[in-house]
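Single-structure report; data block below.
The values are calculated or read from the model by the stated rules, or taken from the named source; none is laboratory data. All values derive from a computational prediction rather than experimental measurement. Note that each Cβ is placed from the backbone with ideal geometry, even for glycine, and that neighbours are counted across all protein chains shown.
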Amino acid sequence: MISGTTQVLGVIGDPIAHTSSPAMHNAALAALGLDFLYSPFHVEPAALPQALAGMRALEIAGLNVTVPHKQAVMEYLDEISEEARVIGAVNTICNCDGRLLGYNTDAFGIIQSLRVDGGMEELPPRVALLGAGGAARAILYALLAQEEVEEILLLNRTVDKAETLADDLGGEGRVVVGSLAEVGGIEEIGLLINSTALGMHPHEETSPLEDPACLHERMLVADIVYNPLQTLLMRQAEDAGARSINGLGMLAWQGARSFEIWTGVQPPVMAMVDAALEQFERAGA
Ligand code: ATR
């Protein structure tokens, strides 16, 4: 029930029509009976300064930030968390008594998903991360923060970009850079994470692994893609006897962390996952 005391949360992006965040957050707010609502806001790049001014003027309590604003939004905030500063992107803004504080919850999202959805209490010593874009940046930051991870193989089509990313995040000898084509020859990887868009709708029949020979039954394959829910990479993993998870968990856990930052309450993550799934079904119908 929306009343005079209801606080507003939302997500800004361009495009925004396909976001599943309103479904996830409103489901969690309803489950907990919190006096908030969560709305999508279409904000074109040129309107970003006005959108942030509007956030202050309207006393919007919190916003998620998605493509293409995650970097650009940083200059309009009053404070940026260490994590978001190093990752170089903000996906969550909290309006704290008129001060806009920027956070990045993607790193939390991937680690929590690996632990809870992937059943990895401890990450393995050797991890392969495919891709070197925006998503890879948050994931590499998250992996470097895990002491048990000794070596990260950062593999990308454009090797230069992987080198720049590894240098930026200061892997201190823990990051080995290579080309995507090299993954076939690598053994003893306990965890392989795909952060590229390969396999994502409408390119369902592509995989970052041309040769899936490196996959084995003692590993977890984590794809950050969640449309489709089972990617070609995940099917390759299954054929090799490896366990696999899709990106739905990371999506839900990063949202859950944002929710906690805004409300101070831990949301029911399974309700958020169910709401996202229902949203995908509606969108596909
Ligand atoms: P995101 O924010 O989702 O990470 P991004 O920053 O555009 O998106 O990064 C996309 C990633 O997918 C990059 O690692 C990109 O590789 P390049 O750095 O070589 O461009 C990777 N990628 C996209 N399309 C690809 C393709 N057809 N083959 C291999 N890698 C691809």
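The rows are residues; the columns are (1) among the small types (Gly, Ala, Ser); (2) in contact with a strand residue (DSSP E or B) (Cβ under 8 Å, 6 or more places away or on another chain); (3) away from the ligand (no atom under 16 Å from the Cβ).
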{"position": "116", "(1), (2), (3)": "no, no, yes"}
{"position": "124", "(1), (2), (3)": "no, yes, yes"}
{"position": "131", "(1), (2), (3)": "yes, yes, no"}
{"position": "148", "(1), (2), (3)": "no, no, yes"}
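The number of residues in segment 53-81 being of a type outside the set (Gly, Ala, Ser) and either out of contact with any strand residue (DSSP E or B) (no Cβ under 8 Å at 6 or more places or on another chain) or within 16 Å of residue 16 (Cβ to Cβ) (or both) comes to 13.
Residue 172 falls short on exactly one of the conditions (1) at pLDDT 95 or above; (2) loosely packed, with under 14 Cβ neighbours inside 10 Å; (3) not small (Gly, Ala, Ser), and that condition is (1). Scanning segment 54-90 for residues that are exposed (fewer than 14 other Cβ atoms within 10 Å of the Cβ) and touching a residue at least 12 places away in the same chain (Cβ under 8 Å) yields 58, 59, 67, 71, 78, 79. Can you confirm whether residue 188 is acidic (Asp, Glu) and surrounded by 14 or more Cβ atoms within 10 Å (Cβ to Cβ)? Here the answer is no, as residue 188 does not meet what is asked.
Residues in segment 256-285 that are in a helix (DSSP H, G or I), out of contact with any Pro (no Cβ under 8 Å at 6 or more places or on another chain) and among the small types (Gly, Ala, Ser): 258, 271, 275, 276, 283, 284.
Matching residues to (1) in contact with a helix residue (DSSP H, G or I) (Cβ under 6 Å, 6 or more places away or on another chain); (2) surrounded by fewer than 20 Cβ atoms within 10 Å (Cβ to Cβ); (3) modelled with pLDDT of 95 or more; (4) among the basic types (Lys, Arg):
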site	(1), (2), (3), (4)
132	yes, no, yes, no
137	yes, no, yes, yes
150	no, yes, yes, no
180	no, no, no, no
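The residues in segment 7-29 that are aliphatic (A, V, I, L, M), part of a helix (DSSP H, G or I) and closer than 20 Å to residue 100 by Cβ can be counted, and the count is 0. The set of residues from segment 40-53 being within 23 Å of residue 257 (Cα to Cα) and surrounded by fewer than 16 Cβ atoms within 10 Å (Cβ to Cβ) comprises just one member, 42.
Which residues, counting only those in segment 30-46, are touching a residue at least 40 places away in the same chain (Cβ under 8 Å) and in a helix (DSSP H, G or I)?
So in segment 30-46, the residues touching a residue at least 40 places away in the same chain (Cβ under 8 Å) come out as 31-32, 34, 36.
Those that are touching a residue at least 40 places away in the same chain (Cβ under 8 Å) and in a helix (DSSP H, G or I): 31, 32.
Anything in segment 91-105 that is more than 20 Å from residue 19 (Cα to Cα) and outside any strand (DSSP E or B)? List them, or say none. Answer for segment 91-105, where residues must be more than 20 Å from residue 19 (Cα to Cα) and outside any strand (DSSP E or B): 97, 98.
Scanning segment 191-237 for residues that are more than 14 Å from the ligand (Cβ to nearest atom), in a helix (DSSP H, G or I) and surrounded by fewer than 24 Cβ atoms within 10 Å (Cβ to Cβ) returns 212, 213, 214, 234, 235, 236.
Restricting to segment 20-36, name every residue that is buried (at least 17 other Cβ atoms within 10 Å of the Cβ) and not aromatic (Phe, Trp, Tyr).
Within segment 20-36, the first condition is being buried (at least 17 other Cβ atoms within 10 Å of the Cβ), and the residues that meet it are 20-29, 34, 36.
Residues satisfying the conditions are 20, 21, 22, 23, 24, 25, 26, 27, 28, 29, 34.
Is it the case, given these coordinates, that residue 272 is of a type outside the set (Phe, Trp, Tyr) and touching a Leu at 6+ places or on another chain (Cβ under 8 Å)? Criteria not met by residue 272. Take the conditions (1) within 16 Å of the ligand (Cβ to nearest atom); (2) touching a helix residue (DSSP H, G or I) at 6+ places or on another chain (Cβ under 6 Å); (3) part of a helix (DSSP H, G or I); (4) not aliphatic (A, V, I, L, M); residue 108 misses just one of them, which is (1). Here is a check on your reading of the model: is residue 159 out of contact with any Leu (no Cβ under 8 Å at 6 or more places or on another chain) and either within 10 Å of the ligand (Cβ to nearest atom) or modelled with pLDDT under 95 (or both)? So residue 159 fits the description; yes.
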